[in-house]
Amino acid sequence: MLIKRRRGWEIPESQATPEHLATNRRTIMKAAGAGAMLLPGAAQAQFWRRGEPADPWARNPAEVPDLPPSMRNTRYAAGRAISPERDAITFNNFYEFGTDKGIWSTARAMPTRPWTIKVDGMVEKPGEFDVDDIIRRIGIEERVYRLRCVEAWGMTVPWSGFQLSSLLSLVTPLASAKYVRFETAAIPSVMPGLRQSWYPWPHVEGCTIEEASNELTFMPVGLFGRPLPAQNGGPFRVVFPWKYGFKSGKSIVRITLTDQRPKSFWETLQASEYGFWANVNPEVPHPRWSQASERLIGSNERVPTRLYNGYGEFVAGLYTGLQNERLWA
């Protein structure tokens, strides 16, 4: 007799992100505006827990300094409206804190200062850098990017940060470096998801040195003009706006340049569904759902997916001669 047990990382085939989750979120928020006491206790607890402030931006300004002023770079116009701020900071994937989308209150327990990032491997000047020192040395700008999740939903958000290439220039990569490996923090005391031992912790992602050097590859330290909150990958993360969102590692503590292709967290779990490249393509479905369209968080509007998430003019040339690779999975 065959008994099929669902693995911890699997999501339902019918729809990666349940409609009721987004619908209930909007309903509860509307009701909260009229008076949160009208909501059942369980419904309130879905988005903020009893005894905790309802502000997902809550932080200690003495511990997390404000960002310096930054100008918006209009070269990367998103072509659609920015997503509602509260939706963007309370609808998150971050399995170290849990597998549901409402992990923001749990993630607030993670301190984001002090925070250092080690950059090592095939570089001339390896080192450890404090996040605020990097901000002062490199400076920041704001970019509005589309974010496309492999689960077929999308957002449009204003990140504040700097190009990854600016950080790599501080360590001078060797000519032999071919890949860049990103490692996410693993802090058991504040990350309850790490207790799920079937996951290949720590979370690892990777890209080629050419992708890392591309002008679009961004390291946000802020969101909506404020310091990047933990649930969104604070204090800093990497973003590849032309790839599915799972490729954009969060809360990074180490960047390693290497001549070996990194095997990522999701590729380790299920390589047939989550590959190394993971570029957005509406014509290549996920094995369990279509990628032809995406649902915009906040409005629930369904819009067509764009090749490379609409950033083909900046990145299509990176993949010349790689037709035999699984560029879209």
* Asked: Carbon and sulfur together cover what percent of the accessible area of the range 83-174 at a 1.4 Å probe radius?
  -> 50 percent
* To do: Compute the label zone of LYS263 within the range 193-221: residues whose backbone N is under 15 Å from the point 7 Å along Cα-to-Cβ.
  => 199-206
* Please calculate the 1.4 Å probe accessible area of LEU269, with all protein chains present, and give it to the nearest 10 Å². => 30 Å²
* Structure fact -> By the Kirkwood definition, with r running over pairs of different Cα atoms, the range 153-244 has a hydrodynamic radius in Å of 14.8 Å
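Could you sort 241-252, 257-268 so that the peptide with the highest average Cβ count within 10 Å comes first and the rest follow in order?
Details: 241-252: 24.2, 257-268: 17.8.
Packing order, densest peptide first, comes out as 241-252, 257-268.
Sorting PHE240, PHE314 by accessible area (1.4 Å probe), largest first, what list results?
Numbers: PHE240 5, PHE314 40 Å².
Sorted by accessible area, descending: PHE314, PHE240.
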* Leaving ligands, DNA and RNA out of it, rank ARG143, ARG195, ARG226 by accessible area with a 1.4 Å probe, largest first. => ARG195, ARG226, ARG143
* Over 23 Å between C-alpha atoms is what I'm after, so list which of LYS101/LYS247; LYS101/LYS178; LYS125/LYS247; LYS101/LYS243; LYS118/LYS178 land there. => LYS101/LYS178; LYS125/LYS247
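The values are calculated or read from the model by the stated rules, or taken from the named source; none is laboratory data. Note that the coordinates shown come from a computational prediction; the quantities given were computed from them, not determined experimentally. Neighbour counts are summed over all protein chains in view; Cβ atoms, including those assigned to glycine, are modelled from backbone coordinates with ideal geometry. The protein model used for the area step is the full one, side chains on, heavy atoms only, and it has no ligands, DNA or RNA in it. Shrake-Rupley method; radii C 1.70, N 1.55, O 1.52, S 1.80 Å.
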